[in-house]
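Undergrad: Input: one structure, supplied below.
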Amino acid sequence: MLSNLIMLYFEFFKIGLFTIGGGLAAIPFLTQLTITHSSWINEADISNMIALSQSTPGPLGVNMATFTGFNVAGILGGVVASIALATPAFIIILIISKYLSSFNKKWYVKDAMYGLRSVVLALIIFAISKIFIISLLNENYSIKIFEFALFIIVLLLYKKFKWHPLIYIFSGALIGIVFKLPS
C-alpha cells in the first residue's frame, strides 16, 4: 500500500510539474500512464474522467488525479494523487511571487511563454484527438453512428443557441441512460 502511494505521488507530481496549460494538457501524461501503469487506468477511464470532470466542479487535472488515485488506493490514494498534482504549482507560485514584479519583464520569460503556447496547443489537440477516437470511433476506426450524430446535433445546437453547457451535459447523460449507448 505504501509503495502504491509513493508511486502515485511521484507520477502525479511529474504530471503537475510538466502540465502547463491546464487539465487538458495533462491528458497525454495520463495516456502514458495507461502504458506504464495499466492496472491504474485505461483509455476508456480517461474518456470517462474527462466527461465527468467537465461536468463537476473543480479543476480537470485534480479531478482526474483524484479519480485515478482513488482507483489505485482508495480515499487516501485520491488525496495523495491530488496533493501531488498541485504541489509543483504551489512551489512554482511561491518562487514566482517573490520575484513577480520583475519576472514578467524578463525577455526570456516572454520568449518562453511564446514557445509554451504552441506546445500547450499541440498537447490539447492531441488530447482532443484521443477523446474523439475513444468517443466516436469503434476499435476498427469505423464511426459510431449514434454517437457521431449526437455529437453533430450538439455542435449545431450549441452554435445556434449557445445554451449553458450544463444543458448539453445533462442531456447527454440522460440520452446515454435512456439509450444505453455501448462503450
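The values are calculated or read from the model by the stated rules, or taken from the named source; none is laboratory data. These numbers were taken from a predicted model, which means no experiment stands behind them. We place every Cβ from the backbone using ideal geometry, glycine too, and count neighbours over all the protein chains shown.
Undergrad: Cβ-Cβ distance below 8 Å, separation of 6 or more or different chains: which pairs start in segment 9-26 with a residue that is at negative phi and end on one that is assigned to a loop (DSSP other than H, G, I, E, B) and surrounded by 23 or more Cβ atoms within 10 Å (Cβ to Cβ)?
TA: Ala25/Thr19; Ala26/Thr19
Undergrad: Take the conditions within 20 Å of the chain's Cα centre (by Cα), under 26 Å from Ile169 (Cα atoms) and among the hydroxyl-bearing types (Ser, Thr, Tyr) and apply them to Thr87. Does it pass?
TA: Here the answer is no, as Thr87 does not meet what is asked.
Undergrad: Follow-up. If you take the residues in segment 19-39 that are loosely packed, with under 15 Cβ neighbours inside 10 Å and modelled with pLDDT of 85 or more, which one is nearest to the chain's Cα centre (by Cα)?
TA: Gln32
Undergrad: Still on this structure, please answer the following. Looking at (1) without any contact (Cβ under 8 Å) to a residue 60 or more places away in the chain; (2) under 13 Å from the mean Cα position of the chain (by Cα); (3) within 27 Å of Tyr168 (Cα to Cα), which is the one condition that is false for Pro57?
TA: The number of the failed condition is (2).
Undergrad: For segment 56-70, does any single residue satisfy the condition of being loosely packed, with under 15 Cβ neighbours inside 10 Å and in a helix (DSSP H, G or I)?
TA: no
Undergrad: Still on this structure, I have one more. Would you check if Ile20 is farther than 23 Å from Leu121 by Cα, in contact with a helix residue (DSSP H, G or I) (Cβ under 6 Å, 6 or more places away or on another chain) and outside any helix (DSSP H, G or I)?
TA: Judged against the criteria, Ile20 is not a match.
Undergrad: Got at least one residue in segment 75-83 being under 17 Å from Ile20 (Cβ atoms), surrounded by 11 or more Cβ atoms within 10 Å (Cβ to Cβ) and not small (Gly, Ala, Ser)?
TA: no
Undergrad: Taking segment 124-157 as the search range and keeping residues that are closer than 27 Å to Thr19 by Cβ and not aliphatic (A, V, I, L, M), which one is farthest from the chain's Cα centre (by Cα)?
TA: The residue in question is Phe151.
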